[in-house]
1. Of all the residues that make up segment 53-65, how many are under 15 Å from THR138 (Cβ atoms) and touching a residue at least 60 places away in the same chain (Cβ under 8 Å)?
2. Which condition from (1) in a helix (DSSP H, G or I); (2) closer than 22 Å to THR66 by Cα; (3) touching a residue at least 40 places away in the same chain (Cβ under 8 Å) is the one that PRO120 breaks?
3. Filter segment 98-109 down to the residues that are part of a helix (DSSP H, G or I) and either surrounded by 21 or more Cβ atoms within 10 Å (Cβ to Cβ) or of a type in the set (Gly, Ala, Ser) (or both) and list them by number.
4. Name every residue in segment 81-97 that is in a helix (DSSP H, G or I), among the aliphatic types (A, V, I, L, M) and over 18 Å from the mean Cα position of the chain (by Cα), in order of residue number.
5. Do we have TYR131 as farther than 19 Å from GLY56 by Cα, within 19 Å of the chain's Cα centre (by Cα), part of a helix (DSSP H, G or I) and at pLDDT below 95 here?
6. Which one of ALA79, ALA134, ALA69, ALA119 is in contact with an Asp or Glu (Cβ under 6 Å, 6 or more places away or on another chain) and of a type outside the set (Ser, Thr, Tyr)?
Amino acid sequence: MGNEFLGDRRTALEDTFFHKKDRELLEKLRAESQVKEKKGALAAASGFTNDALLDGLLAAGIESETFAAVTLAPLVAVAWADHEVQADEREQILASAVKTGMAVGSAGYALLQGWLERAPGPELMTAWKDYVGALRQTLDAGALKTLKDEVMGRARHVARAAGGVMGFGRISAAEHGVLDELERAFS
């Protein structure tokens, strides 16, 4: 009877061990499936199929619902150039978001507001530069120039929002540095 009892305990322990391992594997499969779904949705929203670009966007916290916000990353970078977002800069960026079709209260809008409250990490600009790099490969020269002019115009508008007298004039050296960095991304 003692051997039978020990055998039953061993079997119960083995079952518990393998059940735990099965659960861990199932959770891992679910997580991988969620990443694939998010990547597929982001590919559909952005039009990009490059895995590295999509992985970079996901790593930066960009998903299909928040993809529109990545197009505003240059404005956020300019606003944070002086280590503080001014009220006028914030207003300009949120107005740009609405003008480009981002709905107030949407996930993208909330993400953008978060970036204006807390400076995003460098992965945001890396993701944006990768985004522009992918666009350079897919857009013709005219369309790329139009996009560049639009992005740079909005970025300069944000840079001027809190500088100089009554918002006109001086753009700080730090903001000029970010504007130059944005310009190089299109080259």
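The values are calculated or read from the model by the stated rules, or taken from the named source; none is laboratory data. The structure presented is a predicted model; accordingly, all values stated were derived computationally and were not measured. Because the Cβ atoms are built from the backbone with ideal geometry, glycine has one as well, and the counts that use them run over all protein chains shown.
1. Start the filter on segment 53-65 by keeping residues that are under 15 Å from THR138 (Cβ atoms), which leaves 53-54.
Those still in the list that are touching a residue at least 60 places away in the same chain (Cβ under 8 Å) too: 53.
Residues flagged as under 15 Å from THR138 (Cβ atoms) and touching a residue at least 60 places away in the same chain (Cβ under 8 Å) within segment 53-65 amount to 1.
2. Unmet condition: (1).
3. Taking segment 98-109 first, the residues part of a helix (DSSP H, G or I) are 98-99, 107-109.
Correct list: ALA107, GLY108.
4. First pass over segment 81-97, keeping only residues in a helix (DSSP H, G or I): 87-97.
Next cut, among the aliphatic types (A, V, I, L, M) only: 87, 93-95, 97.
Matches in segment 81-97: ALA87, ALA95.
5. Working: farther than 19 Å from GLY56 by Cα: no; within 19 Å of the chain's Cα centre (by Cα): yes; part of a helix (DSSP H, G or I): yes; at pLDDT below 95: yes.
So TYR131 fails the test.
6. On the way: ALA134 fails: in contact with an Asp or Glu (Cβ under 6 Å, 6 or more places away or on another chain); ALA69 fails: in contact with an Asp or Glu (Cβ under 6 Å, 6 or more places away or on another chain); ALA119 fails: in contact with an Asp or Glu (Cβ under 6 Å, 6 or more places away or on another chain).
Being in contact with an Asp or Glu (Cβ under 6 Å, 6 or more places away or on another chain) and of a type outside the set (Ser, Thr, Tyr) holds for just one of ALA79, ALA134, ALA69, ALA119, which is ALA79.
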